[in-house]
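First comes the structure, then the notes that go with it.
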Amino acid sequence: MDKKGADAMKCALCGGEFKDKIIIFDQPWGDELYRFENVPAKVCSQCGEVWLSGEVAQEIDRIIEKHEKPIKYERVPVFSLKK
């Protein structure tokens, strides 16, 4: 898909227009959660739906499967709404 065709992508959920952005992307994998920074993505300007190219998605999978060393760790608080 050429650059012009990629810019014209419409969101399958709401029909909004996708815009190129650099995002933080969280990927659940089994019982783990992995966070990726500086991820090139397309984000719907109306509903916020995120679309990753096949190359980006494959790179995320490769990093997780190879257990690469992260650049940092973050602590994440966990809450339960179950009473």
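Figure note: I71, I24, I63 ranked by solvent-accessible area, largest first, 1.4 Å probe, ligands and nucleic acids not counted: I71, I24, I63.
Per 0.36 nm of contour for each residue apart, how much would the distance between Q46 and E32 grow if the chain were fully extended, relative to their Cα-Cα spacing?
On the way: separation 14, 0.36 × 14 = 5.04 nm, distance 2.98 nm.
That works out to 2.1 nm of additional length.
Label separation (E59 vs I24): 1.9 nm, computed from points 7 Å beyond Cα along the C-beta direction. Let me know the shape class of region 8-83, please: from the alpha-carbon gyration tensor, a ≥ b ≥ c as square roots of the eigenvalues, rounded when a/c is under 1.5, otherwise prolate if a/b is greater than b/c, or oblate. Oblate is the answer for region 8-83, as a/c is 1.5 or above yet b/c matches or exceeds a/b. Restricting region 48-77 to GluC sites (Glu not before Pro) that sit in a DSSP loop and have at most 11 other Cβ atoms within 10 Å of their own Cβ leaves E68, E74.
For the chain, applying the loop criterion from DSSP together with a ceiling of 12 other beta carbons within 10 Å to the chymotrypsin sites (Phe, Trp or Tyr not before Pro) yields Y73, F79. Solvent-accessible surface of protein heavy atoms, probed at 1.4 angstrom with all chains present, puts R75, R62, R35 in the order R75, R35, R62, largest first.
Before I look further, what does the chain give for accessible area per residue, probe 1.4 Å, in whole square angstrom?
On the way: 7100 Å² over 83 residues.
Solvent-accessible surface per residue comes out at 86 Å².
The values are calculated or read from the model by the stated rules, or taken from the named source; none is laboratory data. Because the structure is a prediction, the values reported are computed rather than measured. As a convention, Cβ positions derive from the backbone with ideal geometry for all residues, glycine included, and neighbour counts pool all protein chains shown. What goes into the accessible areas is simple: the full protein's heavy atoms, side chains included, and nothing from ligands, DNA or RNA. Shrake-Rupley method; radii C 1.70, N 1.55, O 1.52, S 1.80 Å.
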